[in-house]
Amino acid sequence: MSIANRYNHAAVSRYNYEFPEPGTAHYVTLKEMYSEQAPERIFGVYALFINDKGQYGPQPIACSDGRLIFNLPAHLLEDVKKMREDPEVTEAINDGKLGFKIRTYQRKGSRSVLYTVEWVDM
């Protein structure tokens, strides 16, 4: 990437994906889409965005199969920011070669089940 292009952040999407019209997208959580019966299910990544208008600050989101919009955990914010700036990641997304699996985890000393993603090459 050229020095000048590092700072050209127009509102134009870098992805081939067209964001659904308002009201037609289905926002989902990782918890809603996690399946113990199919834990290896891979969701293709069509686009990555940062929602700066969330009630709890910036939140990473991933657009996937059909009109699914995944709210990703806050701990992935910095990774998604870096991924959005990486031309190889953008190319992989546009070529249908990036996906994720939903994974569960627990914080030490907690019984709560939390959800995150494992990025995978497709």
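The values are calculated or read from the model by the stated rules, or taken from the named source; none is laboratory data. Since the structure is predicted, the reported quantities are computational estimates derived from the model, not experimental observations. Cβ atoms come from the backbone with ideal geometry, glycine included; neighbour counts cover every protein chain shown. Please note that ligands, DNA and RNA were not included when accessible areas were found on the heavy atoms of the full protein model with its side chains. Shrake-Rupley method; radii C 1.70, N 1.55, O 1.52, S 1.80 Å.
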Which aspartates and glutamates have a Cα less than 17 Å from the Cα of residue 31, not counting those fewer than 8 places away in the same chain? 40, 65, 118
In whole Hz, the Karplus estimates of ³J(HN,Hα) for the range 49-58 (6.51, -1.76, 1.60; θ = phi - 60°; x where Gly or Pro) are 9, 10, 8, 8, 10, x, 5, 10, x, x
Could I have the simple spin-label model distance between residue 21 and residue 101, label points 7 Å from Cα toward Cβ, reported in nm to one decimal? 3.8
Can you list residues whose amide H is under 5 Å from residue 103's amide H, if they're 5+ apart or on another chain and H is modeled 1.01 Å from N? 116, 117, 118
Given +1 on the Cβ of Lys and Arg, -1 on the Cβ of Asp and Glu, and no further charges, what dipole in debye does the chain carry about its Cα centre, rounded to the nearest 20? 500
Keeping all protein chains in place, calculate the accessible area per residue for the chain (probe 1.4 angstrom), answer in Å². 68
For the range 36-43, in order, what is each residue's ³J(HN,Hα) by Karplus, 6.51 cos²θ - 1.76 cosθ + 1.60 with θ = phi - 60°, in whole Hz (x at glycine and Pro)? 5, 7, 9, x, 8, 4, 9, 9
For the range 106-112, in order, what is each residue's ³J(HN,Hα) by Karplus, 6.51 cos²θ - 1.76 cosθ + 1.60 with θ = phi - 60°, in whole Hz (x at glycine and Pro)? 10, 6, 4, x, 10, 9, 5
GNM on the chain, C-alpha springs below 10 Å: top fluctuator among 61, 93, 50? 50
Semi-axes of the equivalent ellipsoid of the chain: what are they in whole Å, largest first, if each equals the square root of 5 times a C-alpha gyration tensor eigenvalue? 25, 17, 16
At a 1.4 Å probe radius, carbon and sulfur cover how many percent of the accessible area of the chain? 50
With a ≥ b ≥ c from the Cα gyration tensor eigenvalues, square-rooted, and the rule rounded for a/c under 1.5, otherwise prolate when a/b > b/c and oblate otherwise, the range 62-122 is prolate
Expressed as cubic angstrom per residue, what is the convex hull volume of the alpha carbon set of the range 31-97? 106
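What's the extension gain from residue 88 to residue 28 if we count 0.36 nm per residue and subtract their Cα-Cα distance?
Values: separation 60, 0.36 × 60 = 21.60 nm, distance 2.67 nm.
Length gained between residue 88 and residue 28: 18.9 nm.
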At most 14 other Cβ within 10 Å, DSSP loop - chymotrypsin sites (Phe, Trp or Tyr not before Pro), the range 18-103: 56
Reachable lysines from residue 97, Cα under 20 Å, same-chain residues fewer than 8 places away excluded? 81, 82
Over the chain, the sum of -39500 (n - 2.57) across DSSP H runs of at least four, divided by residue number and rounded to 500 deg cm²/dmol, gives at 222 nm -4500 deg cm²/dmol
